[in-house]
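The values are calculated or read from the model by the stated rules, or taken from the named source; none is laboratory data. Here the structure is a predicted model, which is why all the values come from computation and not from measurement. Counting neighbours? That spans all protein chains shown, and the Cβs are built from the backbone with ideal geometry, glycine included.
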Amino acid sequence: MTLKIKKTLKIIIPLLFGGGLVWYLFTIIPPKTLLEYFKNANYWWIALGLCFGILSHLSRAYRWKFMLEPLGYNPRFINSTLAVLIGYFVNLAIPRAGEVSRASVMTNYENIPFEKGFGTIVAERIADLFMMFLIIGITLLIQFDFIVQLVTKNVDPLKIAIILISCLLGGFFFYKYVQKSTTGIGLKIKSFVKSLVEGITSIFRMKNKWAFIFHTVFIWVMYVCMFWATIPAIEGLEVPFGGILVGFIAGGFSIAATNGGIGLYPLAVAGAFTLFGVPEEPSTAFGSVMWAAQTAMIILFGGLSFLLLPICNKAK
């Protein structure tokens, strides 16, 4: 299989997968019913949620300068903002290509070498990954009793004990295997983990580390607020705080699985909500409205960013 075919398949397969999930979504909630939810949605709440989303994007663009300053670069805020928005826009079509386009924009308009700009983006992603794990950890602590009851109600406690012991033993032997590896996948995993740790610890050696940490926390708080603020847009939808966190996490992972979460995002969010006794139909409608709102925002501002870049950089 040639490299060109592999690249094409990486684009087409997620789209086909997403299309199949959209079809499955319509078996749960018919298009006519879903359209009624969209018509009756409270768009003031949706607008509030989008405001939180915009603040997160602006904060991300501003945070970037703390990564670039030690390298000797001080890009204009407008350029870093437009680059971030273009990155999100490109990711909708080609997963993980947004980071490349974002670094390319700064190379063209701020003369920042591509490899250096891309390196800072990778470091940012490490910080974001840490925040996602932190939110998962907080959710597990808050909903510990609920999760235990849910698992024990559906699974035999003896099976749980066997699975836990097996996981611990498997994890121990896998750790030993990776630790001793000098070639193959074990070495790749060891290098990845080492890079992950170095990336996280480098943040604490940064000149403006507290400002960077503040913006990192602020970005993710805005993500959660965007999700939370949109819930009242669907009339009668009531979700407990634990359900909001679990739904947010499920939606976040779905975005990584398909292009911008197409098809999968509403299903993932609805699946999380139903664990807390929330009806499936309004949960699915909320996931669809939430996905449509943030996707429309990315398309609008990402598309405008392509037009504004040359206008804001006439000299170049």
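Annotations
- When the residues of the stretch 244-295 are filtered to those that are among the hydroxyl-bearing types (Ser, Thr, Tyr) and more than 14 Å from the chain's Cα centre (by Cα), the one that is surrounded by the most Cβ atoms within 10 Å (Cβ to Cβ) is SER283.
- Candidates ALA83, ALA47: the one that is surrounded by fewer than 21 Cβ atoms within 10 Å (Cβ to Cβ), over 16 Å from the mean Cα position of the chain (by Cα) and at pLDDT 90 or above is ALA47.
- Taken as a whole, the stretch 102-122 holds at least one residue that is in contact (Cβ under 8 Å) with a residue 12 or more places away in the chain, in contact with a Gly (Cβ under 9 Å, 6 or more places away or on another chain), surrounded by fewer than 17 Cβ atoms within 10 Å (Cβ to Cβ) and β-branched (Val, Ile, Thr).
- Residue list for the stretch 78-112, restricted to those being more than 20 Å from ILE311 (Cα to Cα) and either polar (S, T, N, Q) or part of a loop (DSSP other than H, G, I, E, B) (or both): ASN91, ILE94, PRO95, ARG96, ALA97
- LEU16 being at pLDDT below 65 and not β-branched (Val, Ile, Thr): yes
- Spans of helices (runs of 4 or more DSSP H) in the stretch 201-300 with at least 1 residues closer than 20 Å to PRO95 by Cα and at pLDDT below 90: 241-257, 264-274
- Selected residue [modelled with pLDDT of 90 or more and either more than 16 Å from GLY302 (Cβ to Cβ) or surrounded by 16 or more Cβ atoms within 10 Å (Cβ to Cβ) (or both)] from LEU140, LEU92, LEU129, LEU134: LEU134
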